[in-house]
Structures are given as C-alpha cells and as structure tokens.
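*Asks:* Have a look at this one before I ask anything.
The values are calculated or read from the model by the stated rules, or taken from the named source; none is laboratory data. In this text the structure is predicted, and so the values were computed from the model without any measurement. All Cβ positions, glycine included, derive from the backbone under ideal geometry; neighbour counts span all protein chains shown.
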Amino acid sequence: MEKLEQTFKQANWEQLAITAHGLKGSGGTFGYPEITEIAGRLEQAAFSADGVTAEATISELRMRVTEIVDSAEETRRPIMILGEISQSCNTPV
C-alpha cells in the first residue's frame, strides 16, 4: 500500500496503472474478488490520470485490505490456541 500511495503522490500514472494491474490479478488469484474490482477501478483511474478517483479508490483499497488482514488475524487465533492445546496434550491437531 505504501508503494501504491507513494506512486500516486508522485503522479506516476504509468507505474500506478502497472501496480494496480498486479493487485487486480493478485486479488483474483487469492480469492478476493473485491480487491480485483477495486484495483481494476484504480487501474482505469491511472490510465485516465484521474487523481480524484485514484485517491478515493486507494483509500477504499486500504480499508478493504485492512479488513482482510484483521479478519485473517482473528481466524488465526483459534488455530494458534488449538496448536497450544495440542502441544500441552502431546497430541497433534
């Protein structure tokens, strides 16, 4: 996200489009169609050098990525607890 925001601040539209395109593909690859959709809109904004739309879309992307990371951390906690229980019982989970 930092690279994306820095590229936007530099108004490097070509690099922003390239980075957004990569995010678009990664979203699809890892099962996050909403990331693919948002990154696609960012890619189009970069092609058009539309700073207002790009800024709003980057903000939306940051919020969604934060939600995904937070959700992953919440999902990981029960798995870590199961691992600790397994170790204390000497039983693999």
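Conditions tested, residue by residue: (1) surrounded by 13 or more Cβ atoms within 10 Å (Cβ to Cβ); (2) modelled with pLDDT of 95 or more; (3) within 20 Å of the chain's Cα centre (by Cα).
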{"residue": "3", "(1), (2), (3)": "no, no, yes"}
{"residue": "10", "(1), (2), (3)": "no, yes, no"}
{"residue": "13", "(1), (2), (3)": "yes, yes, yes"}
{"residue": "40", "(1), (2), (3)": "yes, yes, yes"}
{"residue": "45", "(1), (2), (3)": "yes, yes, yes"}
{"residue": "54", "(1), (2), (3)": "yes, yes, yes"}
{"residue": "68", "(1), (2), (3)": "yes, no, yes"}
{"residue": "71", "(1), (2), (3)": "no, no, yes"}
{"residue": "81", "(1), (2), (3)": "no, no, no"}
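*Asks:* Just for the stretch 15-34: of the residues that are β-branched (Val, Ile, Thr) and loosely packed, with under 15 Cβ neighbours inside 10 Å, which one is farthest from residue 5 (Cα to Cα)? Explain how you work it out, then say what you get.
*Replies:* Looking only at the stretch 15-34, we keep the residues that are β-branched (Val, Ile, Thr), and these are 18-19, 29.
This time we only want the ones that are loosely packed, with under 15 Cβ neighbours inside 10 Å, so: 18, 29.
Details: 18: 13, 29: 22 Å.
Selected residue: 29.
*Asks:* Right, residue 60: of a type in the set (D, E, K, R) and touching a residue at least 12 places away in the same chain (Cβ under 8 Å) or not? Walk me through how you get there before you give the answer.
*Replies:* Details: of a type in the set (D, E, K, R): yes; touching a residue at least 12 places away in the same chain (Cβ under 8 Å): yes.
Yes.
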